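> Once you've had a glance at the structure underneath, I'll fire off some questions.
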Amino acid sequence: MAGSEAEENAIRLVPSLLWIFFIPGLGQYMMGPIQGYCGNVMSKCVFCEIAEGRLEPDAKVYENESVIAFFDRGAIAPYHTLVVPKRHSTNIFDIHEDDLIAVTRAIKHICLMYKERLGFADIQIVSSNGKEAQQDAFHTHFHIVPRHKGDGQDIAWTSDPTLSAKNEEFLARLNGT
């Protein structure tokens, strides 16, 4: 039955149930179904495969013992870079603090490198955490996106003018009072 809940769930799971590898002669990635484990999840994680050296990113920008950074194959701008902790975590809620510190240091290092070597003065750093926040790869990662006037990549948030009047209420709820 088309559109059933099972089909919708299967479609949502597809990204985490695929293997991906690059075929240099064809200049493209190939994908297929896989089985196995990554961290606490029941499927292979492409970022873990890259971090463990089983998959090679197109262009590695930076690497140390805890972090790997490479150009995003779905780039929205030149030098669009993904910064990924080597140890698997799903998002900001379960990343080890040491890994978050290492990723943050790597982000700063890469951003300074882009500024000093390439003259980028404007850089956007983005990390989506959770499905409803538009996370689509469930291994913690951050995007470094160099920006310039007229690049057409503006994030358009719609502000809610009623929210600031509720700040005291929000703080009370946050503090449990």
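The values are calculated or read from the model by the stated rules, or taken from the named source; none is laboratory data. For clarity, every value in this text was computed on a predicted model and none was experimentally measured. When we count neighbours, we look across all protein chains shown, and the Cβ atoms used for this are built from the backbone with ideal geometry, even at glycine. SASA here: full protein model, heavy atoms, side chains in, ligands and nucleic acids out. Shrake-Rupley method; radii C 1.70, N 1.55, O 1.52, S 1.80 Å.
> If you go through the stretch 62-73, how many residues are without any contact (Cβ under 8 Å) to a residue 60 or more places away in the chain, open to solvent by less than 80 Å² (accessible area, probe 1.4 Å) and part of a loop (DSSP other than H, G, I, E, B)?
Selection size over the stretch 62-73: 2.
> Here's something else I'd like to know. Based on this model, can you work out whether residue 76 counts as over 22 Å from residue 52 (Cβ atoms), touching a strand residue (DSSP E or B) at 6+ places or on another chain (Cβ under 8 Å) and free of Cβ contacts under 8 Å to residues at least 24 places away in the same chain?
So residue 76 does not fit the description; no.
> On to the next question. Scan the stretch 78-89 for residues that are buried (at least 18 other Cβ atoms within 10 Å of the Cβ) and more than 21 Å from residue 122 (Cβ to Cβ) and jot them down.
84, 85, 86, 88, 89
> Which residue pairs have Cβ atoms under 6 Å apart, sit 6 or more places apart or on different chains, and have a first residue in the stretch 148-163 that is within 19 Å of residue 126 (Cβ to Cβ) and a second that is open to solvent by 70 Å² or more (accessible area, probe 1.4 Å)?
Hits for this filter: 153/76.
> Next question. Of the residues 59, 51, which is surrounded by 13 or more Cβ atoms within 10 Å (Cβ to Cβ), within 30 Å of residue 118 (Cβ to Cβ), modelled with pLDDT of 50 or more and in contact with a strand residue (DSSP E or B) (Cβ under 6 Å, 6 or more places away or on another chain)?
Criteria check complete, one pass: 51.
> Determine the pairs where a residue that is within 14 Å of residue 76 (Cβ to Cβ) and open to solvent by 40 Å² or more (accessible area, probe 1.4 Å), located within the stretch 115-144, has a partner that is in a helix (DSSP H, G or I) and at pLDDT 95 or above with Cβ atoms under 7 Å apart, the partner being 6 or more residues away or on another chain.
Between residues of the stretch 115-144 that are within 14 Å of residue 76 (Cβ to Cβ) and open to solvent by 40 Å² or more (accessible area, probe 1.4 Å) and residues that are in a helix (DSSP H, G or I) and at pLDDT 95 or above, the close pairs are 123/111; 123/114; 125/107.
> To continue, here is another question. For the stretch 102-123, which positions are assigned to a helix (DSSP H, G or I) and of a type outside the set (A, V, I, L, M)?
104, 105, 108, 109, 111, 114, 115, 116, 117
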